[in-house]
Amino acid sequence: MDLNFLDFEQPISELEAKIEELRRVGFDNEINISEEITRLEEKSRKLTESIFSSLSAWQISQLSRHPQRLYTLDYVDLIFEDFHELHGDRGFADDPAIVGGLARLEQRPVMIIGHQKGRDTKEKIYRNFGMPRPEGYRKALRLMHLAERFHLPLLCFIDTPGAYPGIGAEERGQSEAIARNLAEMSKLKTSVICTVIGEGGSGGALAIGIGDRLLMLQYSTYSVISPEGCASILWKSADKAELAAEAMGITCERLEALGLIDEIVPEPLGGAHRDRGAAAGNLKAALIKHLDVLENELPEALIANRYQRLMQYGAYDETSLFS
Amino acid sequence: MTLSWFHKLVPSKIRTEASSKSTVPEGLWCKCPSCSAILYKAELERNLEVCPKCNHHMRINGRRRLHIFLDPENRREIGEALRPTDPLKFKDSKKYKDRLLQAQKVTGEKDALIVMHGALKNKPLVAAAFDFDFMGGSMGSVVGERFVRGVNVSLENRIPLVTFTASGGARMQESLLSLFQMAKTSAALARLADAGIPFISVMTDPTMGGVSASVAMLGDINIAEPNALIGFAGPRVIEQTVRETLPEGFQRSEFLQEHGAIDMIVDRRELRDRIACLLSMLTYVRQPAITLESVLETEPIEIETALPITLESRAHSEVE
């Protein structure tokens, strides 16, 4: 196994290495040590359970960015059939940091839009680390309208550190591209389910994130700014990211308590990458469950309910608290 | 004053921008943060905080902004009773509660957006202005809610909306709730657009991040004051990411106009005239060639088909 263990998983990593070593020894010497291996495997599972039962926000943030975390195209592969990727914004370029296209979810045709990160260095650069430029958001908008016109449910997968902070992106109107998507998604005449599958990084995430349902994978995060960014502004040091992650409440549990998400999609023990099939299965089941409900609603009702949802976001007082 | 010849020789880039954060200081005289000319405060105020020497548009707070923009009569504040809370019990080096209290004490405002139902040259409208002095004009729950209530007053009365943005973006201390204010405000603006009610967005220095990427860029007409910093990512973040020096004038109003993001750059002293003129054209309703009276007189049989159209269009033209 090559699992790329994170710092806090070190004890698990050591145990797994030992198991691996025993396996090799057993294989070479034909000594029956399977009992010992089973015992250690059980121990490893218990250890993982105990570590994962009390993860800090910062640890979850690391998991959400795990190098082996499943990306949009992995889920497309595992959940959907007949995927046809659609490229380009028709105005400037195709942005590989956002992918989209038509596919089937158990027979029913859907439109998929998602951020896409790269696995190896070359692909990471090609995908711009999952940070879209305006043309990415404009491609997404084009596909949203396509979905609307042909009455296809829209499924969005969020996984980005944020919109790309670059010179060209600013020149081509990064702000406008994001703002336009927010306005348009709020009144899209088709059902929209958004799922945070990894990093929900600020406006760059929100720009494909407005819908009738907001789901979050168990070890994904969603925040107004990255923990590092928040730390460097408010604590004047990026090293305080751990504190910032905690303070901002970026995990699905905190966000559910704030009433901002509809469902937490459970991940396999140790995170989605430890059992790709199970992770995809959970997500698929959740998507189908919500689609079944949403598909029975009239477009007018969908939009009215969506608007209601958007309008109730916020925590404020109308009595004097600080005066 | 005696040194102004010297300051003219020094390129503006060399001069520090640090002092530009301060609005008009106390006392009789003040210094222009751009050209360093010593200015008589009363004169500067008459000039709407635009430096008479170099035309630098100084930052002004939200209430002053609405004060100089709206007619003095018939102003009514919208959502003034709304108060921020601390839903996350947020604490960095300081508690969010304490930051709020401090900002409220310094600015005399309860939060970073002021919304008013008023009039511009006797035409009713809703105007909203961000207050950059209040936690960098950041958008949290109260800003979002006040904004939406302003939009709703526009919708109910079918009157235009004009906003003045000055903000660093979403307010970190309210975390995802702040981010979602971008969605909330943009959705409300989408409704306004669908209802055919004009929305003019005026971007002032600075308009960045989540505010730029929601309300500011959604105007039917986007206006900027001269030389305002406007963009999504902050210049320092971009510089660190791309590791190259940013081009001269990057993310300034003139840059945005050149790249097609805004319709026009308007001097603060001309904003009232220009916006009144634009709105009068956007809200103009052509008088029907056949009046109701003439229809009643000459073609009584076709009243049923002609009436709804005529009445509706007349009703719109009469809404003030």
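The values are calculated or read from the model by the stated rules, or taken from the named source; none is laboratory data. Computed from a prediction, not measured in an experiment: that's the story for all the values here. Neighbour counts run over all protein chains shown; Cβ positions are idealised from the backbone, glycine included. Heavy atoms of the whole protein, side chains included, go into the accessibility calculation; ligands, DNA and RNA do not. Shrake-Rupley method; radii C 1.70, N 1.55, O 1.52, S 1.80 Å.
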(message) Step by step: first the residues of region A:243-255, then only those that are part of a helix (DSSP H, G or I) and open to solvent by 10 Å² or more (accessible area, probe 1.4 Å), then the one that is nearest to the other protein chains (Cβ to nearest Cβ). Which residue is that?
(response) A:Ala247
(request) Being within 12 Å of chain A (Cβ to nearest Cβ) and among the charged types (D, E, K, R) is the filter; apply it to region B:222-262 and report the residue that is most open to solvent (accessible area, probe 1.4 Å). (result) B:Arg243
(request) For B:Val211, state whether it is among the β-branched types (Val, Ile, Thr) and either at the interface with another protein chain (Cβ under 8 Å from one of its Cβ atoms) or surrounded by fewer than 17 Cβ atoms within 10 Å (Cβ to Cβ) (or both). (result) no
(request) Could you grab the pairs with beta carbons closer than 8 Å, sequence gap of 6+ or different chains, first residue in region A:170-190 and more than 7 Å from every other protein chain (Cβ to nearest Cβ) and β-branched (Val, Ile, Thr), second one assigned to a loop (DSSP other than H, G, I, E, B) and open to solvent by less than 50 Å² (accessible area, probe 1.4 Å)? (result) A:Thr190/A:Leu152; A:Thr190/A:Pro153
(message) Looking at region A:269-308 only, could you name the residues that are touching a strand residue (DSSP E or B) at 6+ places or on another chain (Cβ under 9 Å) and at the interface with another protein chain (Cβ under 10 Å from one of its Cβ atoms)?
(response) A:Arg306
(request) Quick one: which residue in A:Gly209, A:Gly198, A:Gly130 is facing another protein chain (nearest Cβ under 9 Å), under 14 Å from the mean Cα position of the chain (by Cα) and either under 20 Å from A:Tyr71 (Cα atoms) or in contact (Cβ under 8 Å) with a residue 24 or more places away in the chain (or both)? (result) A:Gly209
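For A:Lys240, indicate whether it is within 11 Å of chain B (Cβ to nearest Cβ), at negative phi and modelled with pLDDT under 95.
yes
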(request) Take region A:265-321 and flag every residue that is closer than 19 Å to A:Leu214 by Cα, under 16 Å from the mean Cα position of the chain (by Cα) and not in a helix (DSSP H, G or I). (result) A:Val265, A:Pro266, A:Glu267
(message) Can you name every one of the helices (runs of 4 or more DSSP H) wholly within region B:95-205 that holds 3 or more residues which are open to solvent by less than 10 Å² (accessible area, probe 1.4 Å) and facing chain A (nearest Cβ under 9 Å)?
(response) B:141-157, B:175-194
(request) Working only within region B:60-76, note down all residues that are at pLDDT 95 or above and open to solvent by 40 Å² or more (accessible area, probe 1.4 Å). (result) B:Asn61, B:Arg63, B:Arg64, B:His67, B:Pro72, B:Arg75, B:Arg76
(message) Checking A:Ala231 against (1) in contact with a Cys (Cβ under 7 Å, 6 or more places away or on another chain); (2) aliphatic (A, V, I, L, M); (3) facing chain B (nearest Cβ under 10 Å), only one condition comes out false. Which one?
(response) (1)
(request) Among the numbered conditions (1) within 7 Å of chain A (Cβ to nearest Cβ); (2) touching a residue at least 12 places away in the same chain (Cβ under 8 Å); (3) more than 19 Å from B:Arg59 (Cα to Cα), tell me where B:Gly219 comes up short. (result) (1)
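For region A:186-229, which fully contained strands (runs of 3 or more DSSP E) count at least 3 residues that are among the aliphatic types (A, V, I, L, M)?
Here the list reads A:192-201, A:213-217.
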